[in-house]
């Protein structure tokens, strides 16, 4: 059988060769033409032999060689296939927040703004508003009883006797019926002339319609900004104005535009009905580069270019069709990438575990992998101040109150080894709650190196020495061995590896670490039951999310978990370490109350990070990786740190030459 297949293949190749050879031969053609000739003849006239010359035109048939015209091959259609692990549950903008939903949503809707490389950029609006340019202003307005304002605790409140507010002079005052002057933000937006896929122009009123939907009690979207909005109105066909309630100085005021929704197509539905209606959840009208042709549940979503896309005169989108395929198995996704059945494999179906294979495929020119640090960072938290019967000096020695001990343990931790061995060297060690590429990362920030000798020296100075020679230090007050526990979640191979590296690192500094693992539902449970957020742990490993705005609020004293009646921030809060530093709190609150571009904002974030890096209430480890892959012919594709979906620029992604 194999022999027959072999000869069959040879025959096919020979036939193809003959056809190719024949195609390359000169072509002949029979033509009929008139030929004019000059003929000289010898004739006898009157007994004399003479030569006579005359012109003769003849019709002749000739066979001539002609050069065959080269056959013009039509350009291959540019059909892009994106393979994702998950299928969107819905495409209604307020119906969910899955990454797969965002990937498809970028194809059918145009974002007003995007976030790339820790910054904000205008997309569907003319520009990002700013105080410097005058399209955002702060007015001082008079407020009286019955007005809605932001109180000094940061909550919307109806102004009445006894309500505490901050006036325009920055003073905290208690309202007693006398009108008060307060600051109020007003921001203007101008939309680009976008068009819905049914040909109807997108209007500012469509954005107001979205605001109305979000404001509806049946909408599942957060009401945080809505509750702090005094008014949101169309000031022209494409212009909008957002006005905050007095006292609300929103540091991201420039994103307070609601993405337009098609009032003309959806106005007959209620907010509750839109959550389920096919017109909004399965085949929604959009103003993006593509329109949905078909959604085959469990298999794929097929789209074609939107003929009304407002950037069509730029040659966008670059594709003739776009298909999202759902392939939950990672190995199958990679196989289909290699075979050409997929052009892009998205991050929801890949992780750092595929790195060796992807790197090998890259070396052989088969795939282009993308490894990008994101906004999720792993860290080990110190139980600086524990709670209740696990309290320092009650249930355990006060191991971590001294900053020098925390600094020493940070220097004893080989974080670069974690990056190299777990993330194949593709991530970076971080030293605060934002990465070094963030524009607000301070110059000269304290960055504790991996230095076992220096770490041991600091521990010696703090009084923790190995007095009995067993290799482990003891607490100077109680004589107890420096034995602590480190907990994290079960079922996470990356965390198991990094905690094992940490345990081995600590042995070099005379600290005995016992590892334990809990299911996520238990590990992240609110206090007092949860170990982590109940502040009943020695060391705890998990991840927080950072972003464009530095997350200093995770570590302020008012966010320490614990019962509010005891002066803590509540059991549902974020600061599990129990660490509280008045200078850090002042700097962080200054930054949070400031607006981007102001001294309060810049200097507050800088000072907060300097204190955090010096005091190390947690050991920042490394940033997680976003991993995706594409075939070599895919152009204009990439993965960005702060843009969750790698398909944010799907209109510009192409196949072949994108120039």
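The values are calculated or read from the model by the stated rules, or taken from the named source; none is laboratory data. In this text the structure is predicted, and so the values were computed from the model without any measurement. Don't worry about glycine lacking a Cβ; one is built from the backbone with ideal geometry, like all the others, and counts go over all protein chains shown.
When 262, 193, 201 are checked against the criterion of being in the same structural domain as residue 159 (by TED's automatic domain parsing), exposed (fewer than 14 other Cβ atoms within 10 Å of the Cβ), under 24 Å from residue 309 (Cα atoms) and at pLDDT 95 or above, 193 stands alone in meeting it.
Please pick out the residue among 133, 176, 183, 161 that is farther than 30 Å from residue 307 by Cα, outside the structural domain of residue 303 (by TED's automatic domain parsing) and touching a strand residue (DSSP E or B) at 6+ places or on another chain (Cβ under 8 Å). Reasoning before the result, please.
Details: 133 fails: touching a strand residue (DSSP E or B) at 6+ places or on another chain (Cβ under 8 Å); 176 fails: touching a strand residue (DSSP E or B) at 6+ places or on another chain (Cβ under 8 Å); 161 fails: touching a strand residue (DSSP E or B) at 6+ places or on another chain (Cβ under 8 Å).
Every option except 183 fails the conditions.
Filtered by the rule that a residue be touching a strand residue (DSSP E or B) at 6+ places or on another chain (Cβ under 7 Å), loosely packed, with under 15 Cβ neighbours inside 10 Å and assigned to a loop (DSSP other than H, G, I, E, B), segment 136-151 gives a lone residue, 146. Applying a threshold of 9 Å to beta carbon distances and a minimum spacing of six or more residues, or different chains, the list of pairs starting in segment 155-171 at a residue that is free of Cβ contacts under 8 Å to residues at least 12 places away in the same chain and ending at one that is in a loop (DSSP other than H, G, I, E, B) reads 157/151; 157/163. Any chance segment 561-576 includes a residue that's without any contact (Cβ under 8 Å) to a residue 24 or more places away in the chain, touching a helix residue (DSSP H, G or I) at 6+ places or on another chain (Cβ under 6 Å), part of a helix (DSSP H, G or I) and over 30 Å from residue 77 (Cβ atoms)? No.
Within segment 486-495, the set of residues being surrounded by fewer than 16 Cβ atoms within 10 Å (Cβ to Cβ) and at negative phi comprises 490, 493.
Only one of the numbered conditions (1) modelled with pLDDT under 95; (2) surrounded by fewer than 16 Cβ atoms within 10 Å (Cβ to Cβ) is not met by residue 312, and that is (1).
The strands (runs of 3 or more DSSP E) located wholly in segment 451-550 that include 1 or more residues which are more than 30 Å from residue 440 (Cβ to Cβ) occupy 483-489, 512-518. Per the listing 644, 636, the residue uniquely over 19 Å from residue 435 (Cα atoms), within 20 Å of the chain's Cα centre (by Cα), surrounded by fewer than 23 Cβ atoms within 10 Å (Cβ to Cβ) and not assigned by TED's automatic domain parsing to the domain that holds residue 527 is 636. Can residue 619 be described as part of a strand (DSSP E or B) and assigned by TED's automatic domain parsing to the domain that holds residue 552? Taking the combined requirement at face value, the residue satisfies it. Checking 647, 592 one by one, the residue that is at pLDDT below 95 and in contact with a helix residue (DSSP H, G or I) (Cβ under 8 Å, 6 or more places away or on another chain) is 592 and no other. With respect to residue 537, is the statement that it is buried (at least 20 other Cβ atoms within 10 Å of the Cβ), under 24 Å from residue 455 (Cα atoms) and touching a strand residue (DSSP E or B) at 6+ places or on another chain (Cβ under 8 Å) true? Answer is yes for this residue.
Looking at residue 515, is it more than 30 Å from residue 115 (Cβ to Cβ), at pLDDT 95 or above and touching a helix residue (DSSP H, G or I) at 6+ places or on another chain (Cβ under 6 Å)? For residue 515, the condition - more than 30 Å from residue 115 (Cβ to Cβ), at pLDDT 95 or above and touching a helix residue (DSSP H, G or I) at 6+ places or on another chain (Cβ under 6 Å) - is met.
Examine segment 394-411 for a residue that is modelled with pLDDT of 95 or more, surrounded by fewer than 17 Cβ atoms within 10 Å (Cβ to Cβ) and assigned to a loop (DSSP other than H, G, I, E, B), and state whether such a residue exists. Yes, segment 394-411 contains at least one residue that is modelled with pLDDT of 95 or more, surrounded by fewer than 17 Cβ atoms within 10 Å (Cβ to Cβ) and assigned to a loop (DSSP other than H, G, I, E, B).
Can you confirm whether residue 240 is more than 26 Å from residue 167 (Cα to Cα) and not in a strand (DSSP E or B)? So residue 240 does not fit the description; no. Looking only at residues of segment 457-487 that are closer than 15 Å to residue 410 by Cβ and in contact (Cβ under 8 Å) with a residue 60 or more places away in the chain, we find that the one that is farthest from the chain's Cα centre (by Cα) is 462. For segment 333-366, the set of residues classified as in a loop (DSSP other than H, G, I, E, B), under 23 Å from the mean Cα position of the chain (by Cα) and at pLDDT 95 or above consists of 342, 343, 346, listed by residue number. Could you check, for segment 597-616, whether at least one of its residues is more than 30 Å from residue 506 (Cα to Cα), assigned to a loop (DSSP other than H, G, I, E, B) and not assigned by TED's automatic domain parsing to the domain that holds residue 343? Yes, segment 597-616 has at least one match.
Would you call residue 222 in a loop (DSSP other than H, G, I, E, B), under 30 Å from residue 595 (Cβ atoms) and assigned by TED's automatic domain parsing to the domain that holds residue 132? Before you say what the answer is, go through the steps one by one.
Numbers: in a loop (DSSP other than H, G, I, E, B): yes; under 30 Å from residue 595 (Cβ atoms): yes; assigned by TED's automatic domain parsing to the domain that holds residue 132: yes.
It is true that residue 222 is in a loop (DSSP other than H, G, I, E, B), under 30 Å from residue 595 (Cβ atoms) and assigned by TED's automatic domain parsing to the domain that holds residue 132.
Among the residues of segment 510-528, are any in contact (Cβ under 8 Å) with a residue 60 or more places away in the chain, farther than 21 Å from residue 408 by Cα and touching a strand residue (DSSP E or B) at 6+ places or on another chain (Cβ under 6 Å)? So far as segment 510-528 goes, yes, one or more of its residues are in contact (Cβ under 8 Å) with a residue 60 or more places away in the chain, farther than 21 Å from residue 408 by Cα and touching a strand residue (DSSP E or B) at 6+ places or on another chain (Cβ under 6 Å).
Take residue 580 and tell me if it is without any contact (Cβ under 8 Å) to a residue 24 or more places away in the chain, farther than 24 Å from residue 414 by Cβ and touching a strand residue (DSSP E or B) at 6+ places or on another chain (Cβ under 8 Å). Spelling it out, it is not the case that residue 580 is without any contact (Cβ under 8 Å) to a residue 24 or more places away in the chain, farther than 24 Å from residue 414 by Cβ and touching a strand residue (DSSP E or B) at 6+ places or on another chain (Cβ under 8 Å).
Suppose the filter is closer than 25 Å to residue 379 by Cβ and in contact (Cβ under 8 Å) with a residue 60 or more places away in the chain; does residue 622 pass it? So residue 622 passes the test.
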